[in-house]
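Participant: Following this message is one structure expressed as structure tokens.
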Amino acid sequence: MKSFLRNLLGFLPKPNSGLSNASTRDIWVASELAKLPSGLRILDAGAGECQYKECCVNLNYVSQDFSKYDGTGNREGLQTGSWDTSRIDIVSDITQIPEPSEAFDAILCTEVLEHLPEPVMALKEFTRLLKPGGILILTAPFTSMTHFAPFHYATGFNRYFYEYHLQKLGFESIEIVENGNFFEFLAQELRRLKQMAVDFSNHKPSIFLDVLVYLLLFYLDRFSKRDHGSRALMSYDLQVVAHKGLLG
């Protein structure tokens, strides 16, 4: 019976739900960076391993990070195992970046806010560093599991966080796009179930769990394709573009 089920799962089409978090974000970030005119000075704040540097070949790219995370953290939650910040240009606190006011035409900050004890202070620093009319490109999880611990201070941010604080700081033309939806997010976490059972319940799941997960992912695929609004309740992250007001 178990062999039959394994063979059956091998032949069935693979559901795609829950797999597009990073890839969708990467495509969106690359697209927004491509819109920037050549020669602009851009700060990649909290750049980590500088994964988007290759998208900035026509820009004057400057990276910043506090460079204290090494991939292992405190060995709790989700860790990367290794983390190379050797290419960082400015090593500093993200709320106190040693650059003069209005030093940048654009700022990129992706998946960083949840790792800051005071994220609004970082937004204020971005406001100081941007020229009037400058562009802020920003993403952060809508919600997230603990990762990069102990440098993890919030589970996520929804659109009202950005609308309130960015408007208060004088940003205009704020565009917010949800990455994924409720069904996609649920599928992403469901895909972790087998490993979570191994790691945290001292249980080795059988093929029957694989079948159950497959069936649920099959339905989540269908629900996601028919989605008409659940992204307002839950998504992977929010993708934000905002312009600093011309009055500074």
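Participant: Taking VAL91 as the residue in question, decide whether it is open to solvent by 60 Å² or more (accessible area, probe 1.4 Å) and in contact (Cβ under 8 Å) with a residue 24 or more places away in the chain.
Facilitator: Numbers: open to solvent by 60 Å² or more (accessible area, probe 1.4 Å): yes; in contact (Cβ under 8 Å) with a residue 24 or more places away in the chain: yes.
Yes; evaluated as a whole, the condition is true for this residue.
Participant: Within region 121-144, work out how many residues are at pLDDT 95 or above and either open to solvent by 40 Å² or more (accessible area, probe 1.4 Å) or not in a helix (DSSP H, G or I) (or both).
Facilitator: Step one: of region 121-144, the residues at pLDDT 95 or above are 121-142.
Now drop any that are not either open to solvent by 40 Å² or more (accessible area, probe 1.4 Å) or not in a helix (DSSP H, G or I) (or both), which leaves 121, 124, 128, 130-142.
Of the residues in that region, 16 qualify.
Participant: Still on this structure, I have one more. Among the residues of region 198-210, are any closer than 30 Å to THR127 by Cβ and among the small types (Gly, Ala, Ser)?
Facilitator: Of region 198-210, the ones closer than 30 Å to THR127 by Cβ are none.
No, there is no match, as no residue in region 198-210 is closer than 30 Å to THR127 by Cβ and among the small types (Gly, Ala, Ser).
Participant: Pairs under 8 Å by beta carbon, first residue closer than 13 Å to LEU166 by Cα in region 111-128, partner modelled with pLDDT of 95 or more and in a helix (DSSP H, G or I), six or more apart or different chains?
Facilitator: These pairs meet every condition: PRO119/LEU113; VAL120/HIS165; ALA122/LEU113; LEU123/HIS165; LEU123/LEU166.
Participant: Counting just the residues of region 197-248 that are open to solvent by 70 Å² or more (accessible area, probe 1.4 Å) and closer than 30 Å to ASP105 by Cβ, which one comes out modelled with the highest pLDDT?
Facilitator: LEU246
Participant: Also, quick follow-up: Determine whether PHE183 is surrounded by 15 or more Cβ atoms within 10 Å (Cβ to Cβ), touching a residue at least 24 places away in the same chain (Cβ under 8 Å) and either farther than 25 Å from LEU216 by Cβ or among the hydrophobic types (A, V, I, L, M, F, W, C) (or both).
Facilitator: Numbers: surrounded by 15 or more Cβ atoms within 10 Å (Cβ to Cβ): yes; touching a residue at least 24 places away in the same chain (Cβ under 8 Å): yes; either farther than 25 Å from LEU216 by Cβ or among the hydrophobic types (A, V, I, L, M, F, W, C) (or both): yes.
Against the criterion (surrounded by 15 or more Cβ atoms within 10 Å (Cβ to Cβ), touching a residue at least 24 places away in the same chain (Cβ under 8 Å) and either farther than 25 Å from LEU216 by Cβ or among the hydrophobic types (A, V, I, L, M, F, W, C) (or both)), PHE183 qualifies.
The values are calculated or read from the model by the stated rules, or taken from the named source; none is laboratory data. Just so you know, these numbers come straight off a predicted model, no measurement behind them. So basically every Cβ, Gly included, is an ideal-geometry build from the backbone, and we count neighbours across all protein chains shown. We work out accessible area using only protein heavy atoms, side chains counted, and drop any ligands, DNA or RNA first. Shrake-Rupley method; radii C 1.70, N 1.55, O 1.52, S 1.80 Å.
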